[in-house]
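Values in this text are rule-based calculations from the coordinates and carry no lab data. Note that this is a predicted model, so its numbers are computed, not measured. Cβ sites come from the backbone with ideal geometry, for glycine too, and all protein chains shown count toward neighbours.
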Amino acid sequence: MSKYLVNKFLFTVDRDPELVERYRDEPRETVDWWEAEMANTILNCVSGESSTWLRFDDAEREALATHDYPKLFELGAHPFLTLTLFIAMFERDHAGLGFQLEYAARLAHVAMPYPDIAT
């Protein structure tokens, strides 16, 4: 499990409005594309620098591809990153704080101590 890579996906997608829409509409394709093209680029480095070792495991890939934010949280994804991205994608489908309330309800089964979110 690479919490770093999952968090990097959530962070980078959330900062690009076009990627947010792409991820909302075509989640599996976006995850596959991002893993193949973006996962191994090193953040904040000069163009052309990359790594070759980062890959999602099957549980991460499936949770990302199905927008399963409770599973992402259980896997150790940072809750603020999941919340901000999924608000950007789904708040428009709910009135008022409807999505935030749904998010909280779907994570209500998680008791303290929460999963470790350190990367």
### the stretch 3-106, Cα convex hull volume normalised per residue, Å³
97
### Summary
Sorting Thr41, Ala105, Ala88 by the position of each Cα along the dipole of the stretch 3-106 (Lys, Arg +1; Asp, Glu -1; all at Cβ), the one nearest the positive end of that ordering is Ala105
### Message
How big is the dipole moment of the stretch 3-106 about its Cα centre under a simple scheme where the beta carbon of each Lys and Arg is +1, that of each Asp and Glu is -1, and everything else is neutral? Debye, nearest 20, please.
### Response
300
#### Entry: Ranked Arg24, Arg55, criterion: other C-beta atoms within 10 Å, fewest first
Arg55, Arg24
### Query
Once label points are set 7 Å from the Cα along Cα→Cβ at both Ala59 and Asp16, what is their separation, rounded to one decimal in nm?
2.8
### Task
Compute the length gained on full extension between Gln100 and Arg28: take 0.36 nm times their separation in residues and subtract their Cα-Cα distance, giving the result in nm to one decimal.
23.6 nm
